[in-house]
Amino acid sequence: MFQSFDPPPSTPAWQAHAIDQCWQGFTADDHAVWDTLYARQEALLRGRVVSPFFEGLDQLDLGAGGVPELERLNARLLPLTGWRCVAVPGLVPDEAFFAMLAERVFPVGDFIRRRDQLDYLEEPDCFHDIFGHVPLLAHGGVAAAMQRAGELGLEAIAAGRGEWIARLYWHTIEFGLARQAGEPRILGAGLASSFGEARQSLEDPAIERRRFDLTQATAEPYRHDAMQPFYFVADSLDAVIATIMAAQVPGR
Ligand SMILES: [Fe+2]
């Protein structure tokens, strides 16, 4: 009765996960939640995040008020680095996720947390995805490294080494720190978008901070359901970009 539908070869498989952002569907309270999160996080990150993050916030006008409309955001982002955002209904399968990155497409959740979830949300919402990740996509070096991470992800999954790329991504792009003028600063989006963990990652004396090393980071499992017990600190933003650009999926 029903035939399976195979998209034409010109359509990337990841497009099956892309949806309309339905920006008009965000309520006044949704926009107010964004503004609350944005204001306190922008103040908290001053002096705590790698400098290109704030340059990206300004270039992309992410503080204009309310949940950003992806069409307007893409009109600014695309000319800068060739990256664009697409809406997705939540986490997408790893293979589709990395296929998106390999094409300079960043998936953004089509929802924002409720007011009673301001401090912690396990599943990434559009505040995490946009505020946490997108400012650095306006930086040429990060833009290239994120695309390379996508390519590495596809290669790693094909080689049965999905955990290798998941750990590299987690310990750098999500929860990594990087030195700037010698001092650790936030690099990862999971930290940049978290009120509690942004401060903890840099200032809690009980937290271990290890020098980032590709071999060690990709051997280190992580938890996605709690604050991190330790962080990897790269020597600089440029150093972590160079490491990702040069990384090769190890043989089995
Ligand atoms: Fe993320």
Can you name the condition, by its number, that ARG113 falls short on among (1) touching an Asp or Glu at 6+ places or on another chain (Cβ under 8 Å); (2) under 19 Å from LEU191 (Cα atoms); (3) away from the ligand (no atom under 16 Å from the Cβ)? (3)
Quick check on GLY150: is it in contact with a helix residue (DSSP H, G or I) (Cβ under 6 Å, 6 or more places away or on another chain), small (Gly, Ala, Ser) and without any contact (Cβ under 8 Å) to a residue 60 or more places away in the chain? yes
If I ask for residues that are under 23 Å from GLY153 (Cβ atoms), surrounded by fewer than 20 Cβ atoms within 10 Å (Cβ to Cβ) and of a type in the set (Asp, Glu), which ones from the stretch 64-113 would you list? ASP94, GLU95, GLU103
Out of (1) at pLDDT 95 or above; (2) over 30 Å from PRO250 (Cβ atoms), what's the single condition that is false for LEU118? (1)
Read through the list (1) within 25 Å of ASP30 (Cβ to Cβ); (2) more than 12 Å from the ligand (Cβ to nearest atom); (3) open to solvent by 10 Å² or more (accessible area, probe 1.4 Å), then give the number of the only condition that GLU174 fails. (2)
Strands (runs of 3 or more DSSP E) contained in the stretch 160-226 and holding at least 1 residues closer than 28 Å to ILE112 by Cβ: 177-180, 183-186
Does any residue of the stretch 121-139 turn out to be open to solvent by 50 Å² or more (accessible area, probe 1.4 Å), closer than 19 Å to GLN41 by Cα and without any contact (Cβ under 8 Å) to a residue 24 or more places away in the chain? no
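The values are calculated or read from the model by the stated rules, or taken from the named source; none is laboratory data. Just so we're clear, the structure is a prediction, and the values are computed from it rather than from any experiment. Glycine also receives a Cβ, built like all others from the backbone with ideal geometry; neighbour counts cover every protein chain displayed. Only protein heavy atoms, including side chains, enter the accessible area calculation; ligands, DNA and RNA are left aside. Shrake-Rupley method; radii C 1.70, N 1.55, O 1.52, S 1.80 Å.
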